[in-house]
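Peer 1: Attaching a single structure in structure tokens format; questions to follow.
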Amino acid sequence: MTDSKRRRGLMAASALLGGVLVLSACSGDGSKASASEGEAGESQAQVDEAAAKKTSEAQIKITPADGSDNASINNAAAVTVSKGTLTSVDMTTADGTAVSGEISADKKSWKPTGQLERSTTYKIAAEANDSKGRTAHENASFTTVSPANSFIGNFTPEDGSTVGVGMPVSINFDKAITNKADVQKGITVSSSSGQEVVGHWFNANRLDFRPEDYWTGGSTVTLKLNLDGVQGASGVYGVQQKTVTFKIGRNQVSIVDAKTKTMKITQDGKTVKTIPISAGSPENTTYEGQMVISEKFKETRMNGATVGFTDDDGKGEYDIKDVPHAMRLSTSGTFIHGNYWGAKSVFGSVNTSHGCVGLSDTKGANDPNTEAAWFYNNSIIGDVVVVQNTGDKTIAPDNGLNGWNLDWAAWKAGSAA
């Protein structure tokens, strides 16, 4: 055999043996790897099983969801648990101020005890135990709706008040409402008398409610605002959830006749007193129509410049700093009030005012025996004053709380419901 043949034979044998060795090595490593993987799998299963035995079954849910914004200030914040009971809930503002809350008697839920603030970030940390005493934890953070993205309605009359039969429920919104139908559906006004009550939009910000005729004396009226989450305009949502009740007092309607220069006061349909008055002069006549007393002031300042009555120098034609027993009848400045500066002889005989209705009075508003003092003391917010025979136009229904100057068909036509 030549050297070259010998070398080729040795190389082939070496390759064969090498192949066998390599093959054996691969087979042997594979068997060991399979055993290790099996042991690892068995070990992981044991770890998982052990972990499961230590994990609480209690499932905590926090609303709003973590990271939410534009959350309600009324009903959004809440914590509930299933398969367990709550042991603690801590709610704080972003700066750490604690928010009071209460866990329910069955320890299944929690909620704040008061209304939240707008445009505020809150954090909630909750703990609960399952039936085996194992503890679960949950955390969330959310931000309430901002003033820019919410609206509120400022309403009158006040909760718990007693008002006259002419007092409408008047709501003035701090944002223009474009979605009037949904907003109006979120507001209900009802009377214990059973009278039908309808809303009327004067503009995008004002919504009043009244029945066809004056409220029934002695009845109770309930206003419910369920506006939380109601979209009033694009990107603007309501935040109010409130119930208000007020009572209607005796039926008092006073009729001012500028021609006879008298005012007849009726209660429950009966005349109880007739008072001499002085209405607006022929140059400054008083509005006609049904007007509702919206404010009362024992004394107030009246400056003609604020309502357009000025001299050549731009100053008010009058500026009386202590007008006694004044009661507002319109937003534009119509009052029924005491007058101590005019001669007593004008009342009942001459119309001399700048458009108000004047009653005889004394300076200081401390004499209870004057006609003005009697009327002031026997009148309440919401009483009706009907002005007749002045020669002026009927007051605009939205000038004050004077929607009674619209007939029922026109009033209902302004409803969006």
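The values are calculated or read from the model by the stated rules, or taken from the named source; none is laboratory data. Since the structure is predicted, the reported quantities are computational estimates derived from the model, not experimental observations. Here the Cβ positions follow ideal geometry from the backbone for every residue, glycine too, while neighbour counts run over all protein chains shown. These accessible areas exclude ligands, DNA and RNA; they are computed on the full protein's heavy atoms, side chains included. Shrake-Rupley method; radii C 1.70, N 1.55, O 1.52, S 1.80 Å.
Peer 1: Along each principal axis of its Cα atoms, how long is segment 203-278 end to end? Whole angstroms, biggest number first, please.
Peer 2: Between the extreme Cα coordinates on each principal axis of segment 203-278 lie 56, 27, 18 Å.
Peer 1: Rg and Dmax in Å for segment 357-417, alpha carbons only: what are they?
Peer 2: Spelled out, the Cα radius of gyration and Dmax of segment 357-417 are 16.5, 50 Å.
Peer 1: Order these peptides, 386-395, 407-416, by their mean beta-carbon neighbour count within 10 angstrom, highest first.
Peer 2: 386-395, 407-416
Peer 1: What's the FRET efficiency of Thr243 with Ala78 using the Cβ-Cβ distance as r and R₀ = 22 Å, to the nearest 0.05?
Peer 2: About 0.60, to the nearest 0.05.
Peer 1: How large, in percent, is the carbon and sulfur part of the accessible surface of segment 88-141 at a probe radius of 1.4 Å?
Peer 2: The value for segment 88-141 is 43 percent carbon and sulfur by accessible area.
Peer 1: Still on this model: Please give the contour-minus-distance gain from Lys185 to Lys259: 0.36 nm per residue of separation, less the Cα-Cα distance, rounded to one decimal in nm.
Peer 2: Values: separation 74, 0.36 × 74 = 26.64 nm, distance 4.49 nm.
Taking Lys185 through Lys259 to full extension adds about 22.2 nm, to one decimal.
Peer 1: Take the Cα atoms of segment 116-247, find their three principal axes, and give me the spread along each one in whole Å, biggest first.
Peer 2: If we take the Cα atoms of segment 116-247, the spans are 64, 35, 21 Å.
Peer 1: Please give the contour-minus-distance gain from Thr93 to Lys344: 0.36 nm per residue of separation, less the Cα-Cα distance, rounded to one decimal in nm.
Peer 2: That pair, Thr93 and Lys344, stretches by 83.9 nm at full extension.
Peer 1: Continuing with the same structure: Starting from the Cα of Asn377, step 7 Å toward the Cβ, then list every residue of segment 253-296 with an amide N under 19 Å from that point.
Peer 2: Taking a point 7 Å out along Cα→Cβ of Asn377, the residues of segment 253-296 whose backbone N falls under 19 Å are 265-267, 272-276, 296.
Peer 1: In whole angstrom, how long is each semi-axis of the equivalent ellipsoid of segment 93-138, when you take the square root of 5 times every eigenvalue of its Cα gyration tensor and sort them from largest down?
Peer 2: 25, 14, 7
Peer 1: Positive end of the charge dipole of segment 201-246 (Lys, Arg +1 and Asp, Glu -1 on Cβ, about the Cα centre): tell me which of Gly229, Thr243, Asn205 has its Cα farthest that way.
Peer 2: Most positive-ward Cα: Gly229.
Peer 1: Also, I was wondering about something else. Among Trp110, Thr87, Gly153, whose Cα sits farthest toward the positive end of the charge dipole of segment 68-165 (+1 at Cβ of Lys/Arg, -1 at Cβ of Asp/Glu, about the Cα centre)?
Peer 2: Thr87
Peer 1: With every protein chain present, what accessible area does Ile255 have (1.4 Å probe, heavy atoms only), rounded to the nearest 10 Å²?
Peer 2: My reading of the accessible area for Ile255 is about 50 Å².
Peer 1: I need two numbers for segment 264-413: Rg to one decimal and Dmax as a whole number, Cα atoms only, in Å.
Peer 2: According to the Cα coordinates of segment 264-413, Rg and Dmax are 15.3, 49 Å.
Peer 1: Could you work out what % of the accessible surface of segment 196-253 is carbon and sulfur, using a 1.4 angstrom probe and leaving DNA, RNA and ligands out of the count? If you can, show how the numbers build up before the last one.
Peer 2: On the way: 960 of 2220 Å².
So the carbon and sulfur contribution to the accessible surface is 43 percent.
Peer 1: A further question on this structure: Report the relative contact order of segment 90-192, percent, no decimals, based on alpha-carbon pairs under 8 angstrom and at least 6 residues apart.
Peer 2: 17
Peer 1: With r as the distance between the Cβ atoms of Thr178 and Ala413 and R0 = 22 Å, compute the FRET efficiency 1/(1 + (r/R0)^6) and round to 0.05. Display every interim value, and only then the final one.
Peer 2: Numbers: r = 19 Å, r/R0 = 0.86.
Step by step, r from the Cβ atoms, then E = 0.70.
Peer 1: Determine, at each q value in 0.09, 0.13, 0.23 (inverse angstroms), the log₁₀ of I(q)/I(0) that the Debye formula gives when each Cα of segment 68-190 is one equal point scatterer.
Peer 2: -0.40, -0.71, -1.26
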